[in-house]
Amino acid sequence: MNAPIPQPRSTPQFYLQSMLAFAVSAAGSGVGIVFLPVDLWMRAFLGMSLLFVITSTFTLAKCVRDRQEDTAMAEQAQYYQQLPIWQGDQQVQPRS
């Protein structure tokens, strides 16, 4: 049995695209809220709501990532539990 080889999670281009998409959407929403023709307290409420949505999204992404890592670690533990161990019937080679 060979140990599984970890694969990269994403390419640098995908990471860059994700960062740019996040920056553009957050900035666009922020600018839209600032220039919205309503009272200041309504803009403040919308701005706080936007910040809450952004932080909640980061928290959810972290929880999903942690759950996937836990699943991967459980699979690795299962794999290593199935590896044969030394039974004591073979002679140990002395180290030089």
Worksheet item: So how many residues does the range 19-41 have that are over 29 Å from Ala61 (Cβ atoms) and assigned to a helix (DSSP H, G or I)?
Response: 2
Worksheet item: Can you find even one residue in the range 77-86 that is modelled with pLDDT of 80 or more, out of contact with any strand residue (DSSP E or B) (no Cβ under 7 Å at 6 or more places or on another chain) and of a type in the set (A, V, I, L, M)?
Response: yes
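The values are calculated or read from the model by the stated rules, or taken from the named source; none is laboratory data. No experiment lies behind these values; they were computed from the predicted model shown. With ideal geometry, Cβ positions are generated from the backbone for all residues, glycine too; neighbour counts draw on all protein chains shown.
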